[in-house]
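*Asks:* Quick one: the structure is below, questions incoming.
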Amino acid sequence: MPSPVPALKRIPVVILTSSDEDRDMLRSYDLGANSFVKKPVDFNDFADAVGKLGLYWALLNEPPPTAGGA
């Protein structure tokens, strides 16, 4: 299903969930998710995972170029 607001279609979508169901993962990707992450139950592990996700999206991920090519 195309995004009803074209300006929003390039916003990264990360699913952070307790689900480990294949159907949930497939549905998330079918709907346009960029990442599916099963969150750890232990709080310290959860905090570590969220920190790593933030670093990935801020430092490693290559976003698409802006419309003006800047």
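*Asks:* What number of residues within segment 33-55 satisfy the criterion of being surrounded by 11 or more Cβ atoms within 10 Å (Cβ to Cβ), assigned to a loop (DSSP other than H, G, I, E, B) and charged (D, E, K, R)?
*Replies:* Looking only at that region, the number is 1.
*Asks:* Here's a follow-up. If you check Ser19, Ser28, which single one turns out to be surrounded by 10 or more Cβ atoms within 10 Å (Cβ to Cβ), among the polar types (S, T, N, Q) and under 24 Å from Glu62 (Cα atoms)?
*Replies:* Ser28
*Asks:* Name the single residue that is surrounded by the most Cβ atoms within 10 Å (Cβ to Cβ) among those in segment 56-70 being without any contact (Cβ under 8 Å) to a residue 12 or more places away in the chain and not in a loop (DSSP other than H, G, I, E, B).
*Replies:* In this case the residue turns out to be Tyr56.
*Asks:* Let me ask another. Considering only segment 18-60, state which residues are within 11 Å of the chain's Cα centre (by Cα) and hydroxyl-bearing (Ser, Thr, Tyr).
*Replies:* Of everything in segment 18-60, those that are within 11 Å of the chain's Cα centre (by Cα) and hydroxyl-bearing (Ser, Thr, Tyr) turn out to be Ser28, Tyr29, Ser35, Tyr56.
*Asks:* What's the total number of residues in segment 16-32 that are in a loop (DSSP other than H, G, I, E, B) and of a type in the set (Asp, Glu)?
*Replies:* Adding up the residues that qualify gives 2.
*Asks:* Looking at segment 1-15 only, could you name the residues that are assigned to a helix (DSSP H, G or I) and farther than 20 Å from Trp57 by Cα?
*Replies:* Matches in segment 1-15: Pro6 only.
*Asks:* Can you report the number of residues in segment 23-70 which are more than 21 Å from Arg10 (Cα to Cα) and of a type in the set (Asp, Glu)?
*Replies:* 4
Values quoted throughout were computed directly from the atomic coordinates according to the rules given, and no laboratory measurement underlies them. Just so it is clear, the model here is predicted, and its values are computed rather than measured. Here the Cβ is made from the backbone with ideal geometry for all residues, glycine too, and neighbour counts use every protein chain on show.
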